[in-house]
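The values are calculated or read from the model by the stated rules, or taken from the named source; none is laboratory data. No experiment lies behind these values; they were computed from the predicted model shown. Reconstructed Cβ throughout: ideal geometry from the backbone, glycine too, with neighbour counts over all protein chains shown.
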(Lines give C-alpha, C1' and ligand atoms only; values in the text may rest on other atoms or scores of the structure.)
Protein backbone atom coordinates (compact mmCIF):
# COMPACT_ATOMS: atom_id res chain seq x y z
CA UNK A 1 0.00 0.00 0.00
CA UNK A 2 1.24 3.48 -0.89
CA UNK A 3 1.38 5.28 2.45
CA UNK A 4 2.27 8.62 0.85
CA UNK A 5 -0.95 8.63 -1.19
CA UNK A 6 -3.02 7.98 1.92
CA UNK A 7 -1.27 10.79 3.79
CA UNK A 8 -1.71 13.11 0.81
CA UNK A 9 -5.44 12.44 0.55
CA UNK A 10 -5.92 12.88 4.29
CA UNK A 11 -3.86 16.09 4.35
CA UNK A 12 -5.68 17.58 1.35
CA UNK A 13 -9.14 16.87 2.74
CA UNK A 14 -8.12 17.80 6.28
CA UNK A 15 -6.69 21.13 5.19
CA UNK A 16 -9.81 22.13 3.24
CA UNK A 17 -12.33 20.94 5.80
CA UNK A 18 -10.23 22.17 8.72
CA UNK A 19 -9.82 25.59 7.14
CA UNK A 20 -13.57 25.76 6.59
CA UNK A 21 -14.19 25.00 10.25
CA UNK A 22 -11.61 27.57 11.37
CA UNK A 23 -13.52 30.17 9.39
CA UNK A 24 -16.66 29.23 11.31
CA UNK A 25 -18.19 27.13 8.56
CA UNK A 26 -19.84 23.74 8.90
CA UNK A 27 -19.09 20.59 6.95
CA UNK A 28 -22.79 20.25 6.17
CA UNK A 29 -22.67 23.48 4.16
CA UNK A 30 -20.27 21.80 1.73
CA UNK A 31 -22.46 18.76 1.22
CA UNK A 32 -24.72 19.54 -1.72
CA UNK A 33 -25.96 16.51 -3.63
CA UNK A 34 -27.16 18.60 -6.55
CA UNK A 35 -23.74 20.18 -7.02
CA UNK A 36 -22.11 16.75 -6.72
CA UNK A 37 -24.32 15.30 -9.45
CA UNK A 38 -23.68 18.24 -11.78
CA UNK A 39 -19.89 18.23 -11.40
CA UNK A 40 -19.12 14.52 -11.14
CA UNK A 41 -21.77 13.42 -13.63
CA UNK A 42 -20.92 16.12 -16.15
CA UNK A 43 -17.18 15.55 -15.84
CA UNK A 44 -17.51 11.79 -16.21
CA UNK A 45 -19.84 12.11 -19.19
CA UNK A 46 -17.58 14.56 -21.02
CA UNK A 47 -14.57 12.31 -20.43
CA UNK A 48 -16.42 9.23 -21.63
CA UNK A 49 -17.38 11.12 -24.80
CA UNK A 50 -13.72 11.66 -25.74
CA UNK A 51 -12.30 8.32 -24.56
CA UNK A 52 -12.43 4.90 -26.26
CA UNK A 53 -14.10 2.27 -24.09
CA UNK A 54 -10.98 0.05 -23.59
CA UNK A 55 -8.94 3.06 -22.46
CA UNK A 56 -11.66 4.23 -20.06
CA UNK A 57 -12.01 0.76 -18.52
CA UNK A 58 -8.24 0.47 -18.22
CA UNK A 59 -8.14 3.86 -16.47
CA UNK A 60 -10.68 2.70 -13.88
CA UNK A 61 -8.57 -0.38 -13.18
CA UNK A 62 -5.38 1.68 -12.96
CA UNK A 63 -6.96 3.95 -10.34
CA UNK A 64 -6.21 1.25 -7.78
CA UNK A 65 -2.49 1.87 -8.39
CA UNK A 66 -2.79 5.04 -6.31
CA UNK A 67 -3.06 2.91 -3.17
CA UNK A 68 -1.69 -0.39 -4.48
CA UNK A 69 1.00 0.35 -7.10
CA UNK A 70 2.44 -2.51 -9.17
CA UNK A 71 5.06 -4.32 -7.18
CA UNK A 72 8.44 -4.24 -8.86
CA UNK A 73 11.56 -5.92 -7.54
CA UNK A 74 14.45 -4.81 -9.77
CA UNK A 75 17.06 -6.26 -7.40
CA UNK A 76 15.49 -9.71 -7.58
CA UNK A 77 15.04 -9.39 -11.34
CA UNK A 78 18.73 -8.59 -11.76
CA UNK A 79 19.63 -11.69 -9.76
CA UNK A 80 17.27 -13.74 -11.92
CA UNK A 81 18.74 -12.38 -15.16
CA UNK A 82 22.28 -13.08 -13.95
CA UNK A 83 21.26 -16.65 -13.09
CA UNK A 84 19.83 -17.02 -16.61
CA UNK A 85 23.13 -15.79 -17.97
CA UNK A 86 25.06 -18.39 -15.97
CA UNK A 87 22.77 -21.15 -17.22
CA UNK A 88 23.18 -19.96 -20.82
CA UNK A 89 26.99 -19.97 -20.52
CA UNK A 90 27.07 -23.47 -19.04
CA UNK A 91 24.28 -25.22 -20.94
CA UNK A 92 23.67 -22.98 -23.94
CA UNK A 93 20.53 -21.00 -24.73
CA UNK A 94 18.45 -24.18 -24.89
CA UNK A 95 19.15 -24.59 -21.18
CA UNK A 96 16.76 -21.68 -20.59
CA UNK A 97 13.78 -23.58 -21.96
CA UNK A 98 12.60 -24.65 -18.51
CA UNK A 99 13.01 -21.08 -17.25
CA UNK A 100 10.85 -19.80 -20.10
CA UNK A 101 8.07 -22.25 -19.26
CA UNK A 102 7.98 -21.42 -15.55
CA UNK A 103 8.60 -17.65 -15.63
CA UNK A 104 5.68 -15.71 -14.12
CA UNK A 105 6.39 -12.40 -15.87
CA UNK A 106 4.85 -12.71 -19.35
CA UNK A 107 7.16 -10.05 -20.78
CA UNK A 108 10.29 -11.79 -19.51
CA UNK A 109 8.88 -15.15 -20.60
CA UNK A 110 8.51 -13.86 -24.13
CA UNK A 111 12.11 -12.67 -24.13
CA UNK A 112 13.34 -16.02 -22.83
CA UNK A 113 11.37 -17.87 -25.47
CA UNK A 114 12.97 -15.72 -28.16
CA UNK A 115 16.38 -16.62 -26.70
CA UNK A 116 15.57 -20.31 -26.73
CA UNK A 117 14.35 -20.05 -30.31
CA UNK A 118 17.75 -18.69 -31.31
CA UNK A 119 16.57 -15.25 -32.43
CA UNK A 120 19.20 -12.64 -33.22
CA UNK A 121 19.80 -9.91 -30.59
CA UNK A 122 18.50 -7.16 -32.89
CA UNK A 123 15.35 -9.15 -33.63
CA UNK A 124 14.77 -9.78 -29.92
CA UNK A 125 15.22 -6.10 -29.12
CA UNK A 126 12.86 -5.05 -31.90
CA UNK A 127 10.10 -7.44 -30.84
CA UNK A 128 10.29 -6.58 -27.15
CA UNK A 129 10.58 -2.83 -27.72
CA UNK A 130 7.48 -2.83 -29.94
CA UNK A 131 5.52 -4.59 -27.20
CA UNK A 132 6.92 -2.26 -24.54
CA UNK A 133 6.07 0.83 -26.60
CA UNK A 134 2.51 -0.36 -27.22
CA UNK A 135 1.89 -1.16 -23.55
CA UNK A 136 3.40 2.13 -22.39
CA UNK A 137 1.30 4.11 -24.89
CA UNK A 138 -1.92 2.43 -23.75
CA UNK A 139 -1.08 2.93 -20.08
CA UNK A 140 -0.23 6.60 -20.59
CA UNK A 141 -3.47 7.17 -22.50
CA UNK A 142 -5.33 5.60 -19.58
CA UNK A 143 -3.54 7.85 -17.10
CA UNK A 144 -4.47 10.89 -19.21
CA UNK A 145 -8.16 10.07 -18.67
CA UNK A 146 -7.83 11.56 -15.19
CA UNK A 147 -5.95 14.53 -16.64
CA UNK A 148 -8.90 15.13 -18.97
CA UNK A 149 -11.31 14.89 -16.05
CA UNK A 150 -9.20 17.42 -14.17
CA UNK A 151 -9.49 19.76 -17.14
CA UNK A 152 -13.25 19.45 -17.47
CA UNK A 153 -14.33 19.52 -13.83
CA UNK A 154 -13.59 23.23 -13.08
CA UNK A 155 -15.59 24.25 -16.15
CA UNK A 156 -18.45 21.92 -15.19
CA UNK A 157 -18.29 23.50 -11.74
CA UNK A 158 -18.77 26.91 -13.30
CA UNK A 159 -21.75 25.56 -15.25
CA UNK A 160 -23.19 24.34 -11.95
CA UNK A 161 -22.61 27.77 -10.44
CA UNK A 162 -24.41 29.51 -13.30
CA UNK A 163 -27.29 27.04 -13.02
CA UNK A 164 -27.54 27.81 -9.33
CA UNK A 165 -27.62 31.55 -10.00
CA UNK A 166 -30.30 31.06 -12.65
CA UNK A 167 -32.31 29.20 -10.03
CA UNK A 168 -31.82 32.13 -7.64
CA UNK A 169 -32.94 34.66 -10.24
CA UNK A 170 -36.11 32.66 -10.92
CA UNK A 171 -37.02 32.64 -7.24
CA UNK A 172 -36.31 36.21 -6.18
CA UNK A 173 -39.90 36.48 -5.02
CA UNK A 174 -39.40 33.49 -2.70
CA UNK A 175 -36.63 34.32 -0.20
CA UNK A 176 -36.80 30.81 1.23
CA UNK A 177 -35.27 29.35 -1.92
CA UNK A 178 -32.52 31.92 -2.37
CA UNK A 179 -30.14 30.37 0.13
CA UNK A 180 -30.29 26.90 -1.42
CA UNK A 181 -29.68 28.24 -4.92
CA UNK A 182 -26.70 30.34 -3.86
CA UNK A 183 -25.25 27.40 -1.92
CA UNK A 184 -25.46 25.12 -4.95
CA UNK A 185 -23.80 27.80 -7.06
CA UNK A 186 -20.76 28.21 -4.84
CA UNK A 187 -20.45 24.58 -3.78
CA UNK A 188 -20.49 23.42 -7.42
CA UNK A 189 -17.49 25.66 -8.09
CA UNK A 190 -15.69 24.23 -5.07
CA UNK A 191 -16.42 20.68 -6.19
CA UNK A 192 -15.15 21.39 -9.71
CA UNK A 193 -11.93 23.17 -8.78
CA UNK A 194 -11.29 21.00 -5.70
CA UNK A 195 -11.75 17.64 -7.41
CA UNK A 196 -9.45 18.71 -10.25
CA UNK A 197 -6.59 20.07 -8.16
CA UNK A 198 -6.82 17.84 -5.09
CA UNK A 199 -7.49 14.50 -6.77
CA UNK A 200 -7.84 14.17 -10.55
CA UNK A 201 -4.69 15.95 -11.74
CA UNK A 202 -2.49 14.49 -8.95
CA UNK A 203 -3.86 11.01 -9.72
CA UNK A 204 -3.02 11.45 -13.40
CA UNK A 205 0.52 12.60 -12.67
CA UNK A 206 1.12 9.78 -10.22
CA UNK A 207 -0.13 7.18 -12.68
CA UNK A 208 2.13 8.61 -15.38
CA UNK A 209 5.09 8.29 -13.03
CA UNK A 210 4.19 4.67 -12.26
CA UNK A 211 3.84 3.89 -15.97
CA UNK A 212 7.27 5.37 -16.68
CA UNK A 213 8.75 3.43 -13.77
CA UNK A 214 7.29 0.19 -15.08
CA UNK A 215 8.57 0.97 -18.59
CA UNK A 216 12.06 1.52 -17.19
CA UNK A 217 11.82 -1.81 -15.42
CA UNK A 218 10.90 -3.48 -18.72
CA UNK A 219 13.82 -1.74 -20.42
CA UNK A 220 16.11 -3.30 -17.84
CA UNK A 221 14.72 -6.73 -18.66
CA UNK A 222 15.27 -6.11 -22.37
CA UNK A 223 18.88 -5.07 -21.80
CA UNK A 224 19.50 -8.17 -19.68
CA UNK A 225 18.03 -10.53 -22.26
CA UNK A 226 19.96 -8.88 -25.10
CA UNK A 227 23.17 -9.15 -23.09
CA UNK A 228 22.54 -12.88 -22.64
CA UNK A 229 21.89 -13.25 -26.38
CA UNK A 230 25.19 -11.52 -27.10
CA UNK A 231 27.01 -13.81 -24.69
CA UNK A 232 28.20 -11.15 -22.28
CA UNK A 233 29.91 -12.09 -19.04
CA UNK A 234 27.36 -12.51 -16.18
CA UNK A 235 29.35 -10.16 -13.97
CA UNK A 236 29.31 -7.46 -16.66
CA UNK A 237 25.57 -7.96 -17.10
CA UNK A 238 25.00 -7.49 -13.38
CA UNK A 239 27.11 -4.33 -13.33
CA UNK A 240 25.24 -2.90 -16.32
CA UNK A 241 21.78 -3.63 -14.93
CA UNK A 242 22.59 -2.20 -11.50
CA UNK A 243 22.70 1.18 -13.20
CA UNK A 244 18.91 1.00 -13.41
CA UNK A 245 18.68 0.96 -9.61
CA UNK A 246 19.79 4.59 -9.51
For this session: Looking only at segment 165-183, decide whether some residue is over 24 Å from residue 4 (Cα atoms), in contact with a helix residue (DSSP H, G or I) (Cβ under 8 Å, 6 or more places away or on another chain) and modelled with pLDDT of 90 or more.
Result: no
Scan segment 49-61 and tell me whether some residue there is more than 16 Å from residue 200 (Cα to Cα), out of contact with any helix residue (DSSP H, G or I) (no Cβ under 9 Å at 6 or more places or on another chain) and at pLDDT below 90.
no
Would you call residue 242 more than 30 Å from residue 14 (Cβ to Cβ), in contact (Cβ under 8 Å) with a residue 40 or more places away in the chain and in the same structural domain as residue 73 (by TED's automatic domain parsing)? yes
Output for Cβ contacts, cut-off 7 Å, separation at least six or different chains, first residue assigned by TED's automatic domain parsing to the domain that holds residue 37 and in contact (Cβ under 8 Å) with a residue 40 or more places away in the chain in segment 154-171, second assigned to a helix (DSSP H, G or I) and surrounded by fewer than 18 Cβ atoms within 10 Å (Cβ to Cβ), reads 154/193; 157/193; 164/182
Worksheet item: Residues in segment 100-111: is at least one within 21 Å of residue 2 (Cβ to Cβ) and either in a helix (DSSP H, G or I) or not assigned by TED's automatic domain parsing to the domain that holds residue 206 (or both)?
Response: no
Picked from segment 112-125 (must be assigned to a helix (DSSP H, G or I) and touching a residue at least 24 places away in the same chain (Cβ under 8 Å)), the residue nearest to residue 72 (Cα to Cα) is 112
If we ask which residues in segment 77-109 are free of Cβ contacts under 8 Å to residues at least 60 places away in the same chain, within 31 Å of the chain's Cα centre (by Cα), surrounded by fewer than 18 Cβ atoms within 10 Å (Cβ to Cβ) and farther than 21 Å from residue 239 by Cβ, their number turns out to be 5
